[in-house]
Amino acid sequence: MGMTALKPGVCTTIQDLGRFGCQASGFSPSGAMDARAAKIANILVDNPITAPVLEFCLAGPTLRFTTSTIIALTGGAFQPLLNGLPVEMYKALPVKRGSILSMKGCVKGMFGYLAVTGGGPRITPVMGSFSTNLKCHIGGYKGRSLNTGDYLSFVTSACDFIPNIASHALQAEDNYLRTWQQGADAALMPTTLRVIPGPQADMFTDEGVHTFYNETYYVNNQCDRMGYRLDGAAITTKHGSDIISDGIALGAIQVPHQGKPIIMLADRQTTGGYAKIGTVASVDIPKLVQSPPKTPIRFEAISVTEAQRLYLRSVHELEGIARMVKRPSYGGISPRKTARRLTPILEAQAQATEGHPLWIETETTAHHKENRQTTKPEAKEYV
């Protein structure tokens, strides 16, 4: 039991939080572009945050469910429809067998995520991760994005209830999303990305460093899971930007010969030979990846200590969200499960009292019965 792709969407892949510990062997980490949205999707359906999810870009897939389950959609505003009717994102949604999930299109952001309760799609991990590496054709569903007719089975065959489901809803986190109209309007307030300077910041001229932190850049049309290219003023170097290749971290900002920055992301190469002027703080990666082409970008320098503080705060925020969605709520009790639990108890009581009256009249109960049949005495007799 699972779901069938009637339309695959754009670059719809299975992702988790990444394949770590394999870069020394030449395998990029991959994983969700917007890790925060992927984690929240899993939290909303009571999955571990490391469970696999469907990631899609620009246009979401159309899916038919072959079993009843509960799903959650997060990330960009994809205007989802369930059996032709609009449904909310950032909310646990029960779906019945035969239901069809479709999406009108992305009006804000770039990437969306679909989580399925009970552990998500049944995928065999590769090197400890469910993530799809499109360049190496490993992980996820056959190492590729979904095609029409592909079928994904679920870890849990059927599930139509999770505890306190009424609480599994959040306000859409659209404060970091930009609409396509906003992205095309250069006059709008830029998205600010906080950057830890280095590791080759000393290779750039003072003028180049000043340009990087004071000029506005724009997301180029050449942006994908590997990295986002930016257009804007050239960043000058002292003696060129070539270096002996070294490791590439998530958010590393390479500056090639032409002086235009490239921010490396989930499917980045493991090593690179261009100087890196800084690294985008991990908490700001979602803001970047959800920015459509032509979105204005500014950079702000922060310390490693500040970046660590921001990261810890984001971890605590997710822990708070997990507690909030599990709080007791109206509608949090399953009548079906309650009936199943009460049935054997009631049957056992009925068998125990078979042939015996359930109400044994004693002298006390007889006295109360007689009082109920008489006129109520005046209040003074109770004083």
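The values are calculated or read from the model by the stated rules, or taken from the named source; none is laboratory data. Remember, it's a predicted structure, so these values are computed and weren't measured experimentally. Quick reminder, even Gly has a Cβ in these numbers, built from the backbone with ideal geometry, and neighbours come from all protein chains shown. These accessible areas exclude ligands, DNA and RNA; they are computed on the full protein's heavy atoms, side chains included. Shrake-Rupley method; radii C 1.70, N 1.55, O 1.52, S 1.80 Å.
Rolling a 1.4 Å sphere over the protein heavy atoms, what is the accessible area per residue of segment 187-264, to the nearest Å²? Roughly 49 Å² per residue, with all protein chains present. Computed from point charges on the beta carbon alone (+1 for Lys and Arg, -1 for Asp and Glu), the dipole magnitude for segment 1-140 about its Cα centre is near 240 Debye.
The Cα center of segment 300-320 and the Cα center of segment 247-267 differ in position by 22 Å.
Derived scalar couplings between HN and Hα for segment 88-98 equal 7, 8, 6, 8, 6, 10, x, 10, 9, 4, x Hz in order, rounded to whole Hz, by the Karplus curve 6.51 cos²θ - 1.76 cosθ + 1.60 (θ = phi - 60°), x for Gly and Pro. Based on every Cα atom in segment 78-130, Rg and the maximum pairwise Cα distance Dmax equal 13.6, 40 Å. Solvent-accessible surface of segment 1-76, taken per residue with a 1.4 Å probe and all protein chains present: 27 Å². Here the accessible area is traced with a 1.4 Å probe on the protein chains. For segment 198-264, carbon and sulfur cover 50 percent of it. With all pairs of separate Cα atoms included, segment 256-310 yields a Kirkwood hydrodynamic radius of 13.2 Å. What FRET efficiency comes out for T156 versus E215 if R0 is 45 angstrom and r is the Cβ-Cβ distance? Round to the nearest 0.05. E between T156 and E215, to the nearest 0.05, is 0.30. Karplus-based coupling profile of segment 281-294, in residue order and whole Hz: 4, 4, 5, 9, 4, x, 4, 5, 5, 8, 9, x, x, 6, with θ = phi - 60° in 6.51 cos²θ - 1.76 cosθ + 1.60 and x standing for Gly or Pro.
For segment 1-159, the convex hull spanned by the alpha carbon atoms encloses 91 Å³ per residue.
Measuring r between the beta carbons of L81 and H239 and using R0 = 41 Å, the FRET efficiency lands at 0.15. Take the Kirkwood radius over Cα pairs of segment 41-130, plug it into Stokes-Einstein at 37 °C and 0.692 mPa s, and you get 248 µm²/s for translational diffusion. Summary of packing: across the peptides 28-35, 71-78, 275-282, 192-199, the per-residue average of other C-beta atoms within 10 Å ranks them, highest first, as 71-78, 28-35, 275-282, 192-199.
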